[in-house]
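Down below is the structure, laid out as structure tokens.
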Amino acid sequence: MAKQQISLPAKLINGGIAGIVGVTCVFPIDLVKTRLQNQRQGQQIYRNMMDCLVKTVRSEGYFGMYRGAAVNLTLVTPEKAIKLAANDFFRQYLSKNEKGLTVFKEMLAGCGAGMCQVVITTPMEMLKIQLQDAGRLAAQQRNPASMSPTKLAATTRVLSRSYNAGPSAAASALSATQIARELLRTQGIKGLYKGLWATLMRDVPFSMVYFPLFAHLNRLGQPSRDESAPFYWAFFSGCLAGSTAAVAVNPCDVVKTRLQSLNKGACEESYNGVVDCVSKIMRKEGPSAFLKGAGCRALVIAPLFGIAQVMYFIGIGEFILDLSPFN
């Protein structure tokens, strides 16, 4: 990205490493985003991002902030590989017999990349959300003062059913592997792809905004057409483009999170698809509910793409390929 000519294998290595490093750095904020987005009016356990982080550490320990991180770390490399490879393929295809790409064609290439990546993104997000939201459901039960006895009883039943354990063991969520096996056993492959349309609604517009925006911002920092933008400019461009795209599609991310949350707290709504979810959120929580977690999402996405630019600037992928005996 930061350089004009980077081989596809090097891009895949850079993207994979950037994904792993980025997820490790920002995952606690991503966990906060999921929990804030799943909160309903009148059942707020967390007031804001910092309150959620503090309460998570107090109740679940430091590693509680990384609940569900293993799923992301396992699948982020193939996700980035598909996204980068698809974007490259569509850009090359659309630029045949032309000197450059128009903004519209750049958006089409990003659209194609976003559609391809959901093959990995949807099951990854599905499993991650179950693990991330477990602490919020457990916190509802530990805070009976904020709920009526009827709501508290409903939460206890949900937790017991979700984790096959008594309420006291509710915080000990199942592993991602166990959740995946159960979904495959009971619902088949479609169980892992619940929320597919909402994921498409989020990832396709995100890629359509991010890739063209980054390309144009980065181009502004190039001293000449044949020179790369400085490191700091590429980093800034990645952060700005990533955070802008993240906030723009946050309403879709809220819908996706709600649809993919299998375990509901006390008196929390169930949804029958994207349209039903949007209408119920709008009617019961108002338009502002679609901006829940927007700040957290921007804080997650900006460093992820900034770190990606570091990988490209340093050239880690090229360095690894140069050392490879198969090069």
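Basic side chains Lys and Arg get +1 at the Cβ, acidic Asp and Glu get -1 at the Cβ, and with that the dipole of the chain about its Cα centre reaches some 1020 debye.
Estimated at 0.36 nm per residue, the fully extended path between V119 and L184 surpasses their Cα-Cα distance by 21.8 nm.
For the chain, the longest principal axis of the alpha carbon atoms and the long axis of helix 274-285 meet at an angle near 60°. The convex hull of the Cα atoms of the chain, projected and averaged over all directions, covers 18.2 nm². Note on region 38-100 and region 240-256: Cα centroid distance 11 Å, given to the nearest whole angstrom. Surface analysis of the chain yields an accessible area of 46 Å² per residue, using protein heavy atoms and a 1.4 Å probe. Mean sequence separation of contacting Cα pairs (under 8 Å, at least six apart), scaled by the length of region 182-300, corresponds to a relative contact order of 29 percent.
In the chain, helices alone account for a calculated mean residue ellipticity at 222 nm of -24500 deg cm²/dmol, with every DSSP H run of four or more residues adding -39,500 (n - 2.57). Full extension of the chain between T74 and N272 yields a length gain of 68.3 nm, computed as 0.36 nm times the residue separation minus the alpha carbon distance. Computed across region 17-103, the Kirkwood radius stands at 15.8 Å (inverse of mean 1/r, all Cα pairs). Ordering Q130, L73, G110 by Cα displacement along the dipole of region 9-153 toward the positive end leaves Q130 in first place; charges were set at the Cβ atoms of Lys, Arg (+1) and Asp, Glu (-1). Multiplying the sequence separation of Y93 and L8 by 0.36 nm and subtracting their Cα-Cα distance, what value in nm do you get? Computed gain between Y93 and L8 is 29.1 nm. Relative to the dominant Cα principal axis of the chain, helix 149-163 is inclined by about 60°.
Using a probe of 1.4 angstrom, how much of the accessible area of the chain is carbon and sulfur, in percent?
Carbon plus sulfur share of accessible area: 65 percent.
Counting only Cβ charges, +1 for Lys and Arg and -1 for Asp and Glu, the dipole size of region 205-327 around its Cα centre is about 560 debye. Ordering V254, L304, F231 by the projection of their Cα atoms onto the charge dipole of region 186-325, which places +1 on the Cβ of Lys and Arg and -1 on the Cβ of Asp and Glu, puts V254 at the extreme positive end.
The values are calculated or read from the model by the stated rules, or taken from the named source; none is laboratory data. These figures come from a predicted structure and were not determined experimentally. Cβ sites come from the backbone with ideal geometry, for glycine too, and all protein chains shown count toward neighbours. Areas reflect the complete protein model, heavy atoms only, side chains present, ligands, DNA and RNA absent. Shrake-Rupley method; radii C 1.70, N 1.55, O 1.52, S 1.80 Å.
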